[in-house]
Structure formats: structure tokens, C-alpha cells
1. Just checking, which of 549, 576 is surrounded by 13 or more Cβ atoms within 10 Å (Cβ to Cβ) and closer than 28 Å to residue 703 by Cα?
2. Output the residues belonging to the stretch 274-293 that are out of contact with any helix residue (DSSP H, G or I) (no Cβ under 7 Å at 6 or more places or on another chain) and at pLDDT 80 or above.
3. For the stretch 218-242, what are the residues that are modelled with pLDDT of 80 or more and out of contact with any helix residue (DSSP H, G or I) (no Cβ under 6 Å at 6 or more places or on another chain)?
4. Looking only at residues in the stretch 316-344 that are in contact with a strand residue (DSSP E or B) (Cβ under 8 Å, 6 or more places away or on another chain) and assigned to a helix (DSSP H, G or I), which one is farthest from residue 361 (Cα to Cα)?
5. Please enumerate the residues belonging to the stretch 353-368 that are part of a helix (DSSP H, G or I) and in contact (Cβ under 8 Å) with a residue 60 or more places away in the chain.
6. Does any residue in the stretch 648-664 that is closer than 17 Å to residue 696 by Cα come within less than 6 Å, Cβ to Cβ, of a residue that is at pLDDT 90 or above and in a helix (DSSP H, G or I) six or more places away or on a different chain, and which pairs are these?
7. Residues in the stretch 354-371: is at least one surrounded by fewer than 18 Cβ atoms within 10 Å (Cβ to Cβ), under 23 Å from residue 436 (Cβ atoms) and modelled with pLDDT under 80?
8. So, of the residues in the stretch 581-605 that are over 25 Å from residue 564 (Cβ atoms) and out of contact with any strand residue (DSSP E or B) (no Cβ under 6 Å at 6 or more places or on another chain), which turns out to be surrounded by the most Cβ atoms within 10 Å (Cβ to Cβ)?
């Protein structure tokens, strides 16, 4: 019995064969074209180009260079002009004959319309950008291409050379003279000259490099720019983008050269924080310090990478450099602050981390031996470093810290995460030692509640005399609150002091705003945790049973979810209070695409949608005054910095163009969380605006001054030098005198 083939099977087989033949044909035609070009067989190349499956864009090399006639054929056949130019320039040229041929083809590209400024850019930098990547070129005769581009009408003003460009081959003196004579800015050749300084083993080339650099300086190159390159070893290649410059040796030679040509450290700009890919030599550091570079500016680059290398000699050199800086007057307190906080301010409200791998105890001891004092370095009481301290460091801090309370952040961070029981026990002993040294139990309690909230830690704080009544509100800034019912029981009923308990209004506010998100390790995004949501409900039910009034919720730190909203309303929160609470959620967000803060119109809509879903279409949430929000936006941009990351608020009591402080504006819109946070940061409620009104006066005028705002914003009393209590009414003048007072907004 014969099998009859299925019609569709036959068609499929034939189609596959045709495809295979077609692909083979394409591969053969493409190869035939490339072979014809390489062997200069013009007629064969012409025939190959007639094939419909030929793609001239797939030609990725010329070896050898094609003839002029062949080049015309390829360009007329669809080969892109810049691509053709790139293939010609990247072709190997090593004698006069090949160079003449290359020049001939470049002239063809110019005649066909290649921009001569592009040729000039390639000739100067000796690099070619193809498909987003840069290729170093080995130009056989750089001067000739410079002349060719200039003769064709190119100008350095239009070539748009970047400040940073590299070359694998040094620019000749002749080529450099030609560049300068035709308007090239001498400052644009510093980087390729300084890059790889001292790396050459050929003394002749090193000497040539030095002569070229001297010529650049004589032609008007900025000695200060050279000095900055030699010291910082980095160059800006875009907005807030830098690349490092490798200097192998003789960095002192570069610094000497810059200084001899009039460079001054006082005139170069670099932040207190800068790093080097390689340590400065002792000779270079001596030159820096002898010629006016502030000693404190060298601390961060020396401490950076401390203990990270395996090279003992390099670590020893690093230590000697640091000792030299300290002996020359470097601030030991600044060193201590660097080691403890592991961060350095690099701009207005902008910080960079300082990486220290090991031997942090060695650094602290060195600072203490030179007279550093923990009492004189600045960091917050609620400071939580991203690194975990070693026992050695903690012991040093406990033994030398004037305010033991500042060490709580180290001990509380990741409490209970140690799998090794002995380490956890050691942590407890250290905490006991801090409390024994005078660490404030109240401070410990606030630190625990704002960040970790383990019942064990709360119990330790209460046992050591902490008062629940002294817990700070926090202003909604930090919402990593405890998650268990046991925590709430401790807050409601102090087992160590029955007369002490947490204000129920504060407690319910903290619980409602409790973080219920977990970090998803797969998506790397926060996700709502059903477990934490359930625990929050349990906590709310508990405190309501204990007498907490939901009408006393001070604020929503952010718009509550529909689920939480329904739950609160079900538990007794009335409609008007709820509407008022969501109305006070500030609609401001940081726009990462625009680089500053803006009004969040989407949040405004979400407020309305939530109210309508819960209460019907007729309910509308009152909107905040957009003029006030606009003024607040400007404060936010200044206090948080252009990168959107929170820094130390330096202008907290400054006045804007309308004579108002950030606290006044925040009070006017009834933002309780914002007022709490600003007061906690040191905002002065006594300052008056141009009309003699305080933040409280303005809040009353707007009709938002509830009982709690009244308490927060009531006039404060201060003591003068004669210990007489007087109203603080001159803060406006003090603000004007402040170093931090900003220009009019």
C-alpha cells in the first residue's frame, strides 16, 4: 500500500527549499560583491549590485582600499557617505602609496557632500564614532587631513570638539601648531596629553609629551585647568557626568608645570569630596599642601578605599599620606566625621558615600590620637548609617563619645538579624554599656519607634526609664513603624511605669500611617504585604477598643487606600473628618524627568475619585491654594537639591520674596505632618512675615488652625544671657543675617 503525500506537506517542503536557496543565494551574492571590491573587479561588482538581495550596509571593512571608480559605484549604489568615510579611515595605511589612495577617497567623500567639520573633528581627535562606539585611528599623516578639512571650509568653531577626547597616538608639534593657528582652543587638548601621563616606558615619547604640554600652556592653555586635571584626575564629559583620567607616575611633574605657569589652588574648583583612581604620590601631595591646597580637601580621597586593597605597601603609603595631612593641619574632627558617617557633602544638599572596606578602627584611633572629639562632629540623633559598625569601632565610640545617645543608630540597625547568637548577645552588651555611659533611654525609644520597633528594644528603653509621653510625632517623615500588637500594648500600658502611656491620638496616627510594603526581590519594587495590612487592622482595632478616637487622627502622610479608608470609616471615622484629612495630603511630587518638584495633579484627581467612590458623586474634596503650593515648590527645590535626594535643610528659617518662611506656607495649607517635621528640624514659629503675622496667625486666617496646630505653633519662649525669659521676636532679623539666607525666590 502506497502512502499518498499530503498536499500541504509538499507545499511546505518546497517553500523551505526555496528559502534555503534564497538565503544561500543572498550569502553568495553578498560574498561575491565583497570579493569583487577587494580584488577591484569593477564589472563583477556592478553585476552583484544589481541583485535585489544585496545590502551594501553590511560591508564592514575595506581591505585593501577600493579604487576611486569602485568607490563611486558603491556610493551611487546606496552605501552611506559617512559609513564609507569610516571604512576608508579605519583601513590600515602604513606607507605613502596607501596614504595617497586614502586621501583620494576622502576627497571623493568631500565632493559628495561630507561635512568638512566632521573630517576636522576626526583629524583632531583621531577617533571615529561608529554606531555609538568610538574607535581610535592611527592616522598616517594627521597634518594633511587637518589641512584638507580646513581647505574645504571647516572651522574649529563649528567642529564642536568635546572637552574630553582621547587618542592612542600623540599629536605632533606640527599638527598642534596648525590647530592653534586656525583657532583651536588650547584647553581642549589637555586631556589627551595628561591622560596616561607617566605610563610610557619610552623616555623620548614622555619628553615629547612634556614639550607639547608646555606649548599648549604658552599658547594660552589654562594652567588652572591643568592643575585641576592633575589633582582630581577626572574630567566632566556631560552634565554631572565624569570620566577618570589615568596618571601612572610623575604627577608632581604635572603639578609643578601648572604652578610654574601661574596656576593657583585657590582658583580651581573641586568639592570637598573627590576621588582618584590611584593615590597621589607623597611628592605631589607635598606640592599641593605647600602651594595652598586646603588640607581638608585631601582627606576624602585618602580615606576612600581605606582597607580595600590587598597591597600592604599601598595601604602603608595611604597611612603615611594621611599622617602628613594631619600634621599639616588637617581637621581631625573632619576625619572622624568621614569615618563615622561614611559620607561627604559634594554640593548643595548633595552627598557621596565614602567607601571604607576595613580597618575603620585604625582610622578612628588615628583621629583620636590627634585630638579628635566625638562631641565636635555633627550627625543626627536619629542617624542610621548604611554600614554596620565593627565591635572594635563601637567600643571606641562608647569609650570616647561625649553623647552616648548618638551611637544608638549603630546598635538598633538590623537588630535581631544576626544568626549568630553570640553576636546578638554582644550587641545587647554594647547597648547596656551605652545606657550605662549616660545614653538617653528616651532617645533610644524614639530611635527604635521611628526605625525598627522590636519589642525587646522598646522594653529595654522603658526598663531604663524612657517615657512614652516624650515620644516625638515625627511629622510623617519616617513611617517604618513596628508591626505587632505586642508593641501597641507596650505603648498603651507601660509595664515599668503605670502612670506613663503614649498619647492615643499620636498612637493612632502612627498606626494609620504605618508602612505596609515589603520589597519584592524579583521585581525590585515595593509591594503591599497582606500580612502587614492585616497587622495594621489588628492594631487599629486594639487602640480603638482601648479608647482611641479616630477623629483625633492628626494627618494622613499619604492618600490612604480604598481598603484602609473603608476600614477606618467602618470603625467610626466620620465622613467630614475623613474628607478633611485627605484634603490636607500635600499634592507635590518630585519630577525625575524635569529635575525639580511639581504639583501632583494626578494626586488631586485621586483624592476626588476616592471621595466619590466612598460617598457619592456630589462630594468634592477641597483643593489647596495653588499659589501657596507654588511658593512651597521653590523651598522644596532648594532644600532637597536638584537630584531629589533629601539633604540637611539649611534655609529652614529663611524668608522668600513675599516675606514668608516654609513653616508659614505649610501652616497656611493646614499640613500638620509638614508643620511637625519643620518644627522638629528647628523651624521657628515666632518669625513674622512682612505684615507682622506668625505661622499661627496665617493658619487661623485660612481657617485651618485646629487644636493640634495651635499647640505646635504657639509662641516659644527663650532665655537671654541674663537668664530672663523673653519672647523670641527678632528671628526675622536673625534670618537676614544668616549665612544661609538665600536670594529672593
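1. Step by step, each of 549, 576 is checked, and only 549 is surrounded by 13 or more Cβ atoms within 10 Å (Cβ to Cβ) and closer than 28 Å to residue 703 by Cα.
2. Our first condition is that a residue be out of contact with any helix residue (DSSP H, G or I) (no Cβ under 7 Å at 6 or more places or on another chain); within the stretch 274-293, this holds for 277-278, 286, 290.
Matches in the stretch 274-293: 286, 290.
3. Result: 218, 228, 231, 232, 233.
4. First, pick out the residues of the stretch 316-344 that are in contact with a strand residue (DSSP E or B) (Cβ under 8 Å, 6 or more places away or on another chain): 318, 338-339, 342-344.
Imposing the further condition that a residue be assigned to a helix (DSSP H, G or I) reduces the set to 318, 338-339.
On the way: 318: 15, 338: 13, 339: 9 Å.
Among residues in the stretch 316-344 that are in contact with a strand residue (DSSP E or B) (Cβ under 8 Å, 6 or more places away or on another chain) and assigned to a helix (DSSP H, G or I), the one farthest from residue 361 (Cα to Cα) is 318.
5. 363
6. As it stands, the answer is 663/695; 664/695; 664/698, since those pairs meet every condition given.
7. Scanning the stretch 354-371, I find no residue that is surrounded by fewer than 18 Cβ atoms within 10 Å (Cβ to Cβ), under 23 Å from residue 436 (Cβ atoms) and modelled with pLDDT under 80, so the answer is no.
8. Residue satisfying both the conditions and the ranking: 596.
The values are calculated or read from the model by the stated rules, or taken from the named source; none is laboratory data. On a predicted model such as this, the values are computed, not experimentally measured, just so you know. Glycine also receives a Cβ, built like all others from the backbone with ideal geometry; neighbour counts cover every protein chain displayed.
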